[in-house]
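To start, the structure itself, in structure tokens.
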Amino acid sequence: MRTVGSLLAALLFGAPAAGQQRGIDVQHYDFLVALPDSGSVIQARAWIVFRRSPGADTIDLQLVDMSVDSVGHSQRSIAFTYDGRKIRVPLARGARTDTIVVSYHGVPRDGLIIGTNARGRRAIFADNWPERARYWLPTVDHPSDKATVAIDVSAPASWRVVANGVYDRRREVFRVDGRMNRPWVETRPIPTYTMVIGAGEFTVSTHRPAINGRDTVPIQVWTYPEDSAFADSVPFRRATEIVEVMQRLIGPFPYEKLAHVQSSTKFGGMENSSAIFYAEKPYVERKMGEGVVRHETSHQWFGDAVTERDWPDIWLSEGFATYFDGVIGAALDGDSVLANAMRANAENYFKSDVTDRPIVDSGYAADPIKLLNANSYPKGAWVLHMLHGTIGDSAFFRGLRAYYRTYRDSTATSEDFQRVMEKEAKADLGWFFHQWLYQPGYPQLDVTWQYDAGARKVVLGITQRQEPEWGLFGLPVLTLEFRGANGATVRRDITVTGGGRETSTRVDLPFTPAEVLVDPDGKLLLRVTAIGRR
Ligand SMILES: [Zn+2]
């Protein structure tokens, strides 16, 4: 997602994390949710289909502060305990695949936001990231347990309802009380944090579909009526082209349709699978740009289809989306878009307060909010940018395509990603991933030089000045640009080994340099702290 300023404080008081459940693997959720015409009480029922290992004798479902009316199993109601945070259901010995049904009601304290939208109309939006599905949906609420989901939403007939997947018109029900049941079905397994509904008055515009093999991917823009023309012509003008770039670079769009939805999400944008939600205010203020659309759209591949198995690997989601915002921008508008984005990413990271922590940060496993930081986003993007530079265009995109193909609709770790990229690059990249993912910080270089006119060589000394706790960095290819007084320019690549703090080397140069530039194309995440003649 994209974050907004006030977010962190608002989220820091969220529920503590609960991990994956041993021996339980949810396959499918079927939710029936009745949204109220007024007030905030929802009535709901959940069918949960799960696989269990022989040793699993209970299933725990997270559900916070709702009233649980019954839990059923094979048409019988069964005993359960509920402490306001977790429904615990004992399981009889038996089937490998099992189903339980939970009926519940209440006022969601979070996760499903019932209120008035920025245009003053009643509207209801889910906003589940990271572990807020549990405030309205009984789930194994962790990204490691993805499942398919069908959500049947009962709401006033005058409303429109959007959710993950495809709309199942055959099961739609008009009711005598002026309400309507609208069923949506997502046939691809998705994480609970991207399971959504949005309900209210919308204008829905249809953009040119993206072609996906023999199928087409419908692309829709759902907005409050006042904001429809703006949305179509500014932030979503190239919604289809953005999908096409990702399909060309990475692989087929992972879902049945793509809806871009104006909503009350507290994030700038939230990458819900096949139904991306965006903050409503930037539409109203006419300030919304395309960057957030590129970021969230690329999450459909990275984050949604391939999901981080646990929170410390969240850079697999946010670092990728941050990088692909720039990559898509470059594909549409030229390379300078990516170059500018990476410069801004470097500055954001350098000035952040997380340079003392590594990207893969197990210290925050139970606290995913804290992982919405400059390591996961801009530094994560830099890891991809540097990997791209290290192994080259062809191996980089071949690797990303293989990674997507292999882990699509599943989950992955940083090690999984490394393994795929090493295979495609035919290289051991352990040093690369170690220093950039598991070490904190970045190289800070002092560079000195001296010209030996007799030998026509420059003698270079490079000192890694960063804090000792960050460790040393190996830079197999560091480009230097030498500029002569008469305008001559020559580039030379040198190697900075990570074996010691000092590197000294000599390179041929036919003239006395007046100026030396380090990494002139900005290919590496580093800072030159001092440079000059020895
Ligand atoms: Zn994101």
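The values are calculated or read from the model by the stated rules, or taken from the named source; none is laboratory data. Remember, predicted model here, so these are calculated numbers, not experimental data. A quick note on method: Cβ atoms are made from the backbone with ideal geometry, for glycine too, and the neighbour counts reach across all protein chains shown.
Hey, could you check the range 283-294 for residues that are more than 13 Å from the ligand (Cβ to nearest atom) and surrounded by fewer than 22 Cβ atoms within 10 Å (Cβ to Cβ) and say which is nearest to I242 (Cα to Cα)?
Looking at residues that are more than 13 Å from the ligand (Cβ to nearest atom) and surrounded by fewer than 22 Cβ atoms within 10 Å (Cβ to Cβ), I get E290.
Could you tell me which numbered condition I113 fails, if it satisfies all but one of (1) under 18 Å from G39 (Cβ atoms); (2) over 29 Å from the mean Cα position of the chain (by Cα)?
Checking I113 against (1) under 18 Å from G39 (Cβ atoms); (2) over 29 Å from the mean Cα position of the chain (by Cα), the one that fails is (2).
Cβ-Cβ distance below 6 Å, separation of 6 or more or different chains: which pairs start in the range 389-411 with a residue that is within 24 Å of S144 (Cβ to Cβ) and end on one that is of a type in the set (S, T, N, Q)?
Hits for this filter: T411/S144; T411/T307.
Looking at the range 295-328, which of the residues that are touching a Pro at 6+ places or on another chain (Cβ under 7 Å) and part of a helix (DSSP H, G or I) is nearest to the ligand (Cβ to nearest atom)?
T322
Looking at this structure, is P143 more than 21 Å from H105 (Cα to Cα), out of contact with any strand residue (DSSP E or B) (no Cβ under 7 Å at 6 or more places or on another chain) and of a type outside the set (D, E, K, R)? First the steps, then the outcome.
Details: more than 21 Å from H105 (Cα to Cα): yes; out of contact with any strand residue (DSSP E or B) (no Cβ under 7 Å at 6 or more places or on another chain): no; of a type outside the set (D, E, K, R): yes.
Here the answer is no, as P143 does not meet what is asked.
L472 - would you say it is among the hydrophobic types (A, V, I, L, M, F, W, C) and assigned to a strand (DSSP E or B)?
When the stated conditions are applied, L472 does not pass them.
Within the range 307-319, identify whether any single residue is small (G, A, S), touching a residue at least 12 places away in the same chain (Cβ under 8 Å) and not assigned by TED's automatic domain parsing to the domain that holds F396, and answer yes or no.
No, the range 307-319 contains no residue that is small (G, A, S), touching a residue at least 12 places away in the same chain (Cβ under 8 Å) and not assigned by TED's automatic domain parsing to the domain that holds F396.
Picking from R179, R169, R160, which residue would you name as being out of contact with any strand residue (DSSP E or B) (no Cβ under 8 Å at 6 or more places or on another chain) and more than 21 Å from W301 (Cβ to Cβ)?
None of the others qualify; the one that does is R169.
Being surrounded by fewer than 23 Cβ atoms within 10 Å (Cβ to Cβ) and of a type outside the set (G, A, S) narrows it down to one of I151, I114, I124, so name that one.
The conditions single out I114.
L332: assigned to a helix (DSSP H, G or I), away from the ligand (no atom under 16 Å from the Cβ), in contact (Cβ under 8 Å) with a residue 40 or more places away in the chain and not hydroxyl-bearing (S, T, Y), yes or no?
Details: assigned to a helix (DSSP H, G or I): yes; away from the ligand (no atom under 16 Å from the Cβ): yes; in contact (Cβ under 8 Å) with a residue 40 or more places away in the chain: yes; not hydroxyl-bearing (S, T, Y): yes.
So L332 fits the description; yes.
Could you list, in sequence order, the residues of the range 66-98 that are in a loop (DSSP other than H, G, I, E, B) and surrounded by 15 or more Cβ atoms within 10 Å (Cβ to Cβ)? Even if it seems obvious, please write down each step before you answer.
Applying the first criterion (in a loop (DSSP other than H, G, I, E, B)) to the range 66-98 yields 66, 74-75, 78-80, 83-85, 91-96.
Within the range 66-98, M66, I78, F80, L91 meet the criteria.
Whether any residue in the range 498-516 is in contact with a strand residue (DSSP E or B) (Cβ under 7 Å, 6 or more places away or on another chain), surrounded by 14 or more Cβ atoms within 10 Å (Cβ to Cβ) and closer than 18 Å to G389 by Cβ is what I want to check.
Checking the range 498-516: not a single residue is in contact with a strand residue (DSSP E or B) (Cβ under 7 Å, 6 or more places away or on another chain), surrounded by 14 or more Cβ atoms within 10 Å (Cβ to Cβ) and closer than 18 Å to G389 by Cβ.
Write out, first by first residue and then by second, each pair whose Cβ atoms fall under 6 Å of each other, whose residues are 6+ apart or on separate chains, and whose first residue, in the range 484-508, is in the same structural domain as G474 (by TED's automatic domain parsing) while the second is of a type in the set (D, E, K, R) and surrounded by 13 or more Cβ atoms within 10 Å (Cβ to Cβ).
Between residues of the range 484-508 that are in the same structural domain as G474 (by TED's automatic domain parsing) and residues that are of a type in the set (D, E, K, R) and surrounded by 13 or more Cβ atoms within 10 Å (Cβ to Cβ), the close pairs are T489/R483; R491/E481; R506/K457; V507/R492; D508/K457.
Looking at the range 256-282, which of its residues are within 15 Å of the ligand (Cβ to nearest atom), surrounded by 23 or more Cβ atoms within 10 Å (Cβ to Cβ) and in a loop (DSSP other than H, G, I, E, B)?
T265, E271, N272, S273
Determine if the range 240-255 includes at least one residue that is without any contact (Cβ under 8 Å) to a residue 60 or more places away in the chain and either within 16 Å of the ligand (Cβ to nearest atom) or at positive phi (or both).
No, the range 240-255 contains no residue that is without any contact (Cβ under 8 Å) to a residue 60 or more places away in the chain and either within 16 Å of the ligand (Cβ to nearest atom) or at positive phi (or both).
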